[in-house]
Amino acid sequence: MVQENTVKMQSIWNSKGGKLHTRNIEVSTYECDGQRIIVEGCLKDDRFQDSHTLTGEIFPRGVIHHMCIRLLVNCSNFVIEDIDVDLVSVPREVCRETIDCLAPIKGLTITRGFTSKVKKIAGGSKGCTHLMELLTAMAPAAVQGFAAHQSQKPSGIDADQAKMFLKYLINTCHAWREDGPFVAMHKKLAGMK
């Protein structure tokens, strides 16, 4: 029965029709200075046919959403020092009213609970669902960008850095589970039990 369902599903996946929509989210990290990085994220929605709304409006095929967020992040504490939002393309002019909805996250630390804090500050009717999706994708990418920034040159074992990694990574996935070997190794490096 399981194999029959697998074959059936494989047939469905192989018979997909024409592409309707693509969403791309790209997050890049850049050096700013010795202590800070710039994390830039862009979200772009493309529709491959005209779209008809319930109100009778027609949106032509092409880009329906294109927006970018830039964060200036302090590497010593993961605090967002500044934020910039660019609404390149939005479906309605009223969407542009959300351009400042993320301003209150300036000063937040990217750490466990970041997503729930951001949703309380700028989620729902206070903001833009697409900006929220982009920002919440950027947070874990910022951690990767920070790691790339920090690992450009060989460095000795730094207990504070090991503690910071643990603070952000414990229980974020199976590899970084609290009782796993990576956490044990980093705890040892940090002089923790």
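The values are calculated or read from the model by the stated rules, or taken from the named source; none is laboratory data. None of the values given here were measured: they were computed from a predicted structure. Don't worry about glycine lacking a Cβ; one is built from the backbone with ideal geometry, like all the others, and counts go over all protein chains shown. To get the accessible areas, we keep the full protein, side chains included, count just its heavy atoms, and leave off ligands, DNA and RNA. Shrake-Rupley method; radii C 1.70, N 1.55, O 1.52, S 1.80 Å.
Explain nothing, just the number: dipole magnitude of the chain about its Cα centre with +1 on each Lys and Arg Cβ and -1 on each Asp and Glu Cβ, in debye rounded to the nearest 20.
Computed about the Cα centre, the dipole is about 660 debye.
Taking H placed 1.01 Å from N in the peptide plane, check which residues at least 5 places from residue 49 or on another chain put their amide H under 5 Å from its amide H.
Under 5 Å from the amide H of residue 49 lie the amide H atoms of 62, each far enough along the sequence or on another chain.
Amide H of residue 192 versus every other amide H placed in the peptide plane: which residues, excluding those fewer than 5 positions away on the same chain, fall under 5 Å?
Here nothing satisfies the definition.
Determine, from the Cβ-Cβ distance of residue 52 and residue 144 and an R0 of 41 Å, the FRET efficiency 1/(1 + (r/R0)^6), rounded to the nearest 0.05.
The calculated FRET efficiency here is 0.55.
Which one of 146, 131, 165 is farthest out on the positive end of the charge dipole of region 98-179, using unit charges on Cβ (Lys, Arg +1; Asp, Glu -1) and the Cα centre as origin?
Towards the positive end, the residue furthest out is 131.
Calculate the spin-label point distance for residue 86 paired with residue 103, positioning each point 7 Å from the Cα along the beta-carbon direction, and give it in nanometres.
Output for this residue pair reads 2.0 nm.
Could you work out what % of the accessible surface of region 59-172 is carbon and sulfur, using a 1.4 angstrom probe and leaving DNA, RNA and ligands out of the count?
Roughly 53 percent of what the probe reaches on region 59-172 is carbon or sulfur.
Reachable lysines from residue 106, Cα under 18 Å, same-chain residues fewer than 8 places away excluded?
Correct list for residue 106: 117, 119, 120, 126.
I'm spelling it out carefully: the read-out is semi-axes √(5λ) of the Cα gyration tensor in Å, the candidates are [x] 27, 19, 17; [y] 29, 17, 16; [z] 36, 26, 15, and one was derived from this structure. Which label?
[z]
Just subtract the alpha-carbon distance of residue 126 and residue 22 from 0.36 nm times their residue separation and send over the number in nm, one decimal.
Here the answer is 34.8 nm.
Between residue 153 and residue 76, what FRET efficiency comes out of the Förster formula 1/(1 + (r/R0)^6) with R0 = 22 Å and r the beta carbon distance, rounded to 0.05?
After rounding, the FRET efficiency stands at 0.85.
Any idea of the accessible area per residue across the chain, 1.4 Å probe, to the nearest Å²?
63 Å²
Under a crude label model (7 Å from the Cα following the beta-carbon direction), how far is residue 182 from residue 111 in nanometres?
2.0 nm
Can you figure out the FRET efficiency of residue 61 with residue 173, using R₀ = 35 Å and their beta-carbon distance, to the nearest 0.05?
E between residue 61 and residue 173, to the nearest 0.05, is 0.35.
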